[in-house]
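Chemist: Have a look at the structure that comes next, please.
The values are calculated or read from the model by the stated rules, or taken from the named source; none is laboratory data. Keep in mind the model is a prediction, meaning the values are calculated, not measured. Heads up, the Cβs are rebuilt from the backbone with ideal geometry, glycines too, and the neighbour counts pull from every protein chain shown.
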Amino acid sequence: MSERIVMAGETLVTTGQSIDKLCIIKSGRVKVWCEGGNYELGAGDVVGICEVLSEVHILSYTIVEDTTFYIYPLTGVETVDLLINSNPDIARICIRSCFRQITRIIHSYRNEQVRCNTIYDALIACYNIYSNLAENAGAKFVCNEGIEDLEAYYNIENIDYWLMGYYESLNKIYAGRNFKALIAEPDVSVGMIKKGCIDARRLVGLMSERYQFVRKCLSYFFVEEEGGLFYKILEVYEKFSSDIFVKNSFLNKLNIMVNEAGKVTLNIDDELVKKIKECTEILDEINLDNSLSMSIEKESEEADLIEKFYESLDTILDFAEIVGPERRFFRININKLKKLKDKNAIDDETTALKREITAEFYQIYSEVFFKSLEKEITPVIRMFLYFGYIDEILAGEEYTKALYKLSEELKENDPAVTGVYTFYDWLLAVYRGEKKPCRNELEVDFADYVRKLKTTKKVTNSEADKLMEDGEAKVSYELDNIFKTANKITCGRVSTFCPVFYEGNILKDFDSCIVKPGIIKRKLNTVKSVDYSAFYRETLVSGEGGIMGKEHIHVEKLPDFILMPNAGIRGIMWQEIEGKVRTTPSRMFISILHMDDLQNTIIRMTGEFRWEICKRVQGGRWNDVTDPSLTSIYCDYIQFYRKNSDISAGAREKIRIALQRCRNSFKEMFVQDYITYILYEGKGSPRLNKVARKILFEFCPPDEEGIKRLAMNPTYAELIKQLEIKKEQKLQKYEHLERKLLKETGSVPQSLKMEIDFVKGRQ
C-alpha cells in the first residue's frame, strides 16, 4: 500500500485502461464517467472496485478537487480475494463503496432513461410539426426517413425495480452493528463484490446502449448533412412568426429538445457539442425576443394567480385543523427540505428527514380527506390531494401554476365514465360505497379484515355488520393498507422517495408527463389493437325463455386506473378483480405525473393482468397443460424449451439468458414476451421465436384490422389460417343459434350480437 495525492483536473483512469490498482479515497472528490451518465465519489469510496472482474476499466475517473488515495496494486482477481481475506476492515470499505456506487449508477440510469424518452418524444414532435407546416409555410419539405423509421427506445433487458433498494439495504447492514458476522466469512465478502461487479457491468452496458440511441436522436436534430432538423424548423418558424399559436408550439418543442440535449453527457471535443451550443445561442435570442413581446396584461394575470398560493402550507394545515406540536414539527421539516441543495440526495441525514416528512404527510392527508367531506375544497387543497403539493416555494412558480391548471381540468373528470380516478376521487368512491376497498399486499381485502376482527373477538357480529357499511372505516383501511405502499412503489425511486411535491421530482417536460383520462384511453387502445380481447371476461347468460340455453358470453371490463399523487416512473397491476367476482374491473395504480414511457407502462400492466386473470380463472390447474390455457401452455413452453425441436439453438440460448434475467420467473418471462408482442409483433415486425409467437397469437389474438395488417407478412400466414378456422367454427354455432332465435322469437339478444362481434375481432 502506498499513499498518493492527485491534483484537481487530472485524469486518474480512463476507459479501456488495464486494471492494475485499487484506489481508496482518503480525502477529496472524484468524478466517475461512463457513456450516458456520471456520479461522484468521496472519502471512503474505492476507485475500481466495481470493475475488478474486468480486464480493463469500463469507467473513467477525473479529479474534482485535490484528492489523497491509498493505492493497492492488483495483479489479477486473486489479489482482490487475498486483500479481502487478509483484511476485514478493507473488505468492509470495498463492499460498502461497491454498494454505494451501484445505487448511484442506478440513480443516474433512471434519470437518463427519462431524458432519453423526453428527447425521443421531442424529436418526433418537432419533426411532425415541421412536416405538417413546411408546405403551408412555402418552405421545401425535406423528408427524413431516418426519423420516420425511428422507434422509441425500449430495452427488454431492463434493470430490476428492486435492485437499488437491495443494494441500499445491504449497505445499511454493513454500516450497522451486525456486519462483523458477515465480514468474518471471507467468501461472503468476495461474493458480494463479484455480484456487484456483474450488476455494475450490466448497468454500464445498458447505459451505453441507450446513450447511442440518444446520440442518434441528437444527430438527426442538430448535425444532419443537409442541416439538422433544428435549422429546418427555423426556416418554417420565420414564416409563421406572426402566428402566436404556431410560434409558441415551435418554441415549446425546440426549448425542450435543446435544453435536454444540453444535459446529456458528451465529450467536450465532440462535434455534437459545438452544434448544440450554436443552436442554444440562436434559440436564446429567439426566446428573448419572444419574452419581450409578452403583454403586460398576461404578466398581471399570472401574478394574480400566484398570489392565490401564498403560504400554501398554512392553508393546508388550517384546512386539516392541524395545531400544536404536530403543526410546528411539520413546518420545521418542510423548511429543512426547502433549504436542501440536493433534495434527491441519498445521504443518511436527507433520508431521515424524508422519512419524518413522509409519516407526517400521510397523517395530514388523512385529516384533509375527511375534512373535505364537510368543507369546500379550494384550489390549494385540491392540488394537495391530487399531487401531494404542499408549498409554492418547493413546487416553484412554474409548476405551481401548471398543477393548478391541471387540477382544474381533472376536477371535471367523471371517473364513473372514464374509469380513471385521481386518488382523491378513488377514496370518495370507496366512501360512498361505489367501489370496494383494495386488497392489501397480503391479499387481504376489507371483508377479510372485518372477518378477522370478528373471529378474534375484537368486534361483535353487529359491530362487524356496521363496519361493512361504514364509509369512513373503508377509507381508513384504504389509507392505512394501500396508499402508503402503492404511492411509494409507483414513485419507483425508493431511495429518494418523499410524497411531498417539489421541483426536483419533475425529470422531463411537464406536459409530456401528465396522465389524463384521454391519454390513458389512447394508450389502452394501442394495446387493444393488437390484443383486443385483453380485458374480456367469459360469463354465463340466459336469454329468450331458455332458447339460448346457457351460453358463454364475453363481456369487456376495462381496468380502473387510479392516479397516485406523485411524480413517478412505475405502474402496478394491483389486483385482477374486485373481491371474488370475476366480471369486475382490475385495478391499476400509476403516477399522476409519469416520468417513464406511459405506453410501455400500460403494456406491462396489461401483460401482468393477462397472467393473473388466467391464474384466477384456472384456479389450481393454472399450470396444468392437460387443461390448455395461456399460463399452462406458456409454463410448459418455458419448462421444456431445451427439448423443443421447434426452437433453434440460438433461440434456446436467448431463452436461457432471458430466464436468468427474470430470475426464473415464468410470469416475468411472459410479460417481457408480451411487451415484445405488442410493440413489435403487432406491427408486423417478428421478434419472438416461433413457439412464443404461436402462444401469444393463440391466446392474445389481434383484432380484425390487426389481422388484415399482418396478412401481408408470410411469417403470420399459418397462424392467421389457424385462427380463422377456429373463428369459423365458433361463428357457425352462433349463426345457427341466431337463425333459430329469429325464427322463434323474431329478435336476437344484444348479448349474442356482441359475442358474434367479439369472435370476429371487432371492437
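Chemist: What helices (runs of 4 or more DSSP H) lie completely within the range 581-694 and have 1 or more residues being among the aromatic types (F, W, Y)?
Modeler: 598-618, 630-639, 666-679
Chemist: Another question, then. Being in contact with a helix residue (DSSP H, G or I) (Cβ under 7 Å, 6 or more places away or on another chain) and among the hydroxyl-bearing types (S, T, Y) is the filter here; which residues of the range 1-46 pass it?
Modeler: The answer is Y39, and nothing else.
Chemist: Go through the range 411-464 residue by residue and tally those that are in contact with a strand residue (DSSP E or B) (Cβ under 7 Å, 6 or more places away or on another chain), among the hydrophobic types (A, V, I, L, M, F, W, C) and modelled with pLDDT of 95 or more.
Modeler: Residues that pass the stated criteria total 4.
Chemist: Which condition number does E40 fail, the rest of (1) of a type outside the set (A, V, I, L, M); (2) within 22 Å of I90 (Cα to Cα); (3) in contact with a Phe, Trp or Tyr (Cβ under 7 Å, 6 or more places away or on another chain) being met?
Modeler: Only one criterion in (1) of a type outside the set (A, V, I, L, M); (2) within 22 Å of I90 (Cα to Cα); (3) in contact with a Phe, Trp or Tyr (Cβ under 7 Å, 6 or more places away or on another chain) is unmet by E40, namely (3).
Chemist: Something else about it: Please work out if K343 is within 20 Å of F501 (Cβ to Cβ), exposed (fewer than 14 other Cβ atoms within 10 Å of the Cβ) and either at pLDDT below 90 or out of contact with any Pro (no Cβ under 8 Å at 6 or more places or on another chain) (or both).
Modeler: Taking the combined requirement at face value, the residue does not satisfy it.
Chemist: Let me ask something else about it. So which helices (runs of 4 or more DSSP H) are wholly in the range 118-217 and hold at least 2 residues that are in contact with a Phe, Trp or Tyr (Cβ under 7 Å, 6 or more places away or on another chain)?
Modeler: Those helices (runs of 4 or more DSSP H) span 145-149, 163-175.
Chemist: Sticking with this one: Checking E40 against (1) farther than 30 Å from F213 by Cα; (2) surrounded by fewer than 18 Cβ atoms within 10 Å (Cβ to Cβ); (3) under 34 Å from the mean Cα position of the chain (by Cα), only one condition comes out false. Which one?
Modeler: The failed condition is (1).
Chemist: Right, another one. Can you find a residue that is surrounded by fewer than 16 Cβ atoms within 10 Å (Cβ to Cβ), over 30 Å from R202 (Cβ atoms) and of a type in the set (S, T, Y) anywhere in the range 707-719?
Modeler: Yes, the range 707-719 has at least one match.
Chemist: Could you say which residue among I193, I159 is surrounded by 14 or more Cβ atoms within 10 Å (Cβ to Cβ), modelled with pLDDT under 80 and assigned by TED's automatic domain parsing to the domain that holds L83?
Modeler: Exactly one of I193, I159 is surrounded by 14 or more Cβ atoms within 10 Å (Cβ to Cβ), modelled with pLDDT under 80 and assigned by TED's automatic domain parsing to the domain that holds L83, namely I159.
Chemist: If I ask for residues that are in a strand (DSSP E or B), of a type outside the set (D, E, K, R) and surrounded by fewer than 17 Cβ atoms within 10 Å (Cβ to Cβ), which ones from the range 43-75 would you list?
Modeler: If the condition is that a residue be in a strand (DSSP E or B), of a type outside the set (D, E, K, R) and surrounded by fewer than 17 Cβ atoms within 10 Å (Cβ to Cβ), then V56, V64, T68, Y70, I71, P73 are the ones that fit.
Chemist: A further question follows. In this structure, does E668 turn out to be surrounded by 18 or more Cβ atoms within 10 Å (Cβ to Cβ) and touching a Cys at 6+ places or on another chain (Cβ under 7 Å)?
Modeler: The answer is yes for E668.
Chemist: Something else now. For P437, are the conditions met, namely being touching a residue at least 40 places away in the same chain (Cβ under 8 Å), part of a loop (DSSP other than H, G, I, E, B), over 23 Å from the mean Cα position of the chain (by Cα) and assigned by TED's automatic domain parsing to the domain that holds I393?
Modeler: Yes.
Chemist: A further question follows. For the range 443-526, give me every one of the helices (runs of 4 or more DSSP H) that falls completely inside it and has 3 or more residues that are of a type in the set (A, V, I, L, M, F, W, C) and either crowded, with 16+ Cβ neighbours inside 10 Å or touching a residue at least 60 places away in the same chain (Cβ under 8 Å) (or both).
Modeler: Numbers: elements: 446-455, 461-468, 471-478, 484-491, 510-513.
Here the list reads 446-455, 484-491.
Chemist: Of the residues E151, E168, which is surrounded by fewer than 18 Cβ atoms within 10 Å (Cβ to Cβ) and not polar (S, T, N, Q)?
Modeler: E151
Chemist: Now for a separate question. Within the range 321-337, which residues are part of a helix (DSSP H, G or I) and free of Cβ contacts under 8 Å to residues at least 60 places away in the same chain?
Modeler: Listed by number, the residues that qualify are G324, P325, E326, R327, R328, F329, F330, R331, I332, N333, N335, K336.
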